[in-house]
1. May I ask you to verify whether GLU235 is closer than 27 Å to ILE32 by Cβ, within 16 Å of the ligand (Cβ to nearest atom) and charged (D, E, K, R)?
2. Where residues in region 182-202 are more than 16 Å from the ligand (Cβ to nearest atom) and among the hydrophobic types (A, V, I, L, M, F, W, C), which of them is surrounded by the most Cβ atoms within 10 Å (Cβ to Cβ)?
3. State all residues of region 48-94 that are under 14 Å from HIS106 (Cβ atoms) and in a helix (DSSP H, G or I); if no residue qualifies, say none.
4. Which members of region 259-312 meet the condition of being open to solvent by less than 50 Å² (accessible area, probe 1.4 Å) and charged (D, E, K, R)?
5. Please work out which one of (1) more than 22 Å from GLU65 (Cβ to Cβ); (2) open to solvent by 20 Å² or more (accessible area, probe 1.4 Å); (3) away from the ligand (no atom under 13 Å from the Cβ) is the condition PHE240 fails and give its number.
6. Please enumerate the residues belonging to region 226-245 that are assigned to a loop (DSSP other than H, G, I, E, B) and in contact with a strand residue (DSSP E or B) (Cβ under 7 Å, 6 or more places away or on another chain).
7. Can you find a residue that is in contact with a Ser or Thr (Cβ under 7 Å, 6 or more places away or on another chain) and hydroxyl-bearing (Ser, Thr, Tyr) anywhere in region 256-265?
Amino acid sequence: MAERSSSGWTLAIHGGAGALPRGLLAADLERIRDALRGALEEGSGVLASRGRSLDAVQAAVRAMEGSGVLNAGLGAALNHEGLAELDAALMDGRDRRAGAVAAVRHVAHPIDLARAIMDEGEHVMLAGLGAEQFAREHGLELRPDSDFITERRLKELEQAIGASSGGGGSVSVPWHPRGTVGAVALDIHGDLAAATSTGGLINKHAGRVGDSPIIGAGTFAENGVGAVSATGTGEYFIRFIAASEVCARIKYQGKSVETAAREVIAQLEAAGGEGGLIAMDGRGAVAMPYSSQTMLRGQAAAGREPAVIVEA
Ligand code: ASP
């Protein structure tokens, strides 16, 4: 069931769709819960003080990028070469302004870089070395490769390469087979925004870009209609322009956010894709469908206790 905000602002977040590993320690689960709670706190802080949804989704995603336990920012999964390559985007529902960054290797907070690109106004998306040059010019934090290469992520990569040997390509491994972080929000001014950040698929080909930074695929927001952040097998979300498709069904077919979101996930699933999304309509109703085993997620709204769901 879609839940409607009683009044004022609403925030929804996800920490990625996939499968939690068997035998995960209670302490690991708690760290993931803490990361989601921290993100809700950051985003809610902005919204509760009459701030903008755009700032709230950026703050929530930034917190998850910094957590180190989710597949984004410093916790990013590694590509086939053993390097992190990060994608991120955000979109302002007021005027469809957007900023995006693809395949950057040294940016601790890609969502801040996406925001800087958007604020600068000339471009929507920058990729690779040019994006990092822009980050340097704008005083954003750059980190060495080694800061992203953790023991856990190396082990996952090893598992993924092992599992795919003979088959090739990106495959699921037990711990965070995929993952991404995202947020959507409605503020008290009635404005929607969406943000997404990811390390992408484990063992992906160098240079591969997923759906997260592609406006309309993994990230989309339009005032009065909807805001969406997706997670899952990005190639399918790109082909099905999933995020904007949810909004199109709300806008042109008069569907509820719940119906529109479920239909799009079902359509992807039928084609062989897997994942989930968080979607919010223009009045703050939220839907969080997924076809994976689980999706890490959370929600907060004016006058309500924040809630996170981390379940197998
Ligand atoms: N959608 C992301 C990508 O394809 C990965 C994920 O959400 O699991 O890059």
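1. Against the criterion (closer than 27 Å to ILE32 by Cβ, within 16 Å of the ligand (Cβ to nearest atom) and charged (D, E, K, R)), GLU235 qualifies.
2. ALA185
3. GLU65, GLY73, LEU74 - these are the residues of region 48-94 that are under 14 Å from HIS106 (Cβ atoms) and in a helix (DSSP H, G or I).
4. Matches in region 259-312: ASP281, ARG297.
5. Unmet for PHE240, out of (1) more than 22 Å from GLU65 (Cβ to Cβ); (2) open to solvent by 20 Å² or more (accessible area, probe 1.4 Å); (3) away from the ligand (no atom under 13 Å from the Cβ): (3).
6. Matches in region 226-245: THR233 only.
7. no
For (1) open to solvent by 30 Å² or more (accessible area, probe 1.4 Å); (2) touching a residue at least 40 places away in the same chain (Cβ under 8 Å), each residue gets a yes or a no:
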residue: VAL57; (1), (2): no, yes
residue: SER67; (1), (2): yes, no
residue: GLU85; (1), (2): no, yes
residue: LEU90; (1), (2): no, yes
residue: ALA98; (1), (2): no, yes
residue: VAL104; (1), (2): no, no
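The values are calculated or read from the model by the stated rules, or taken from the named source; none is laboratory data. If you're wondering where the values come from, they're calculated on a predicted model, not measured in any experiment. Cβ sites come from the backbone with ideal geometry, for glycine too, and all protein chains shown count toward neighbours. To get the accessible areas, we keep the full protein, side chains included, count just its heavy atoms, and leave off ligands, DNA and RNA. Shrake-Rupley method; radii C 1.70, N 1.55, O 1.52, S 1.80 Å.
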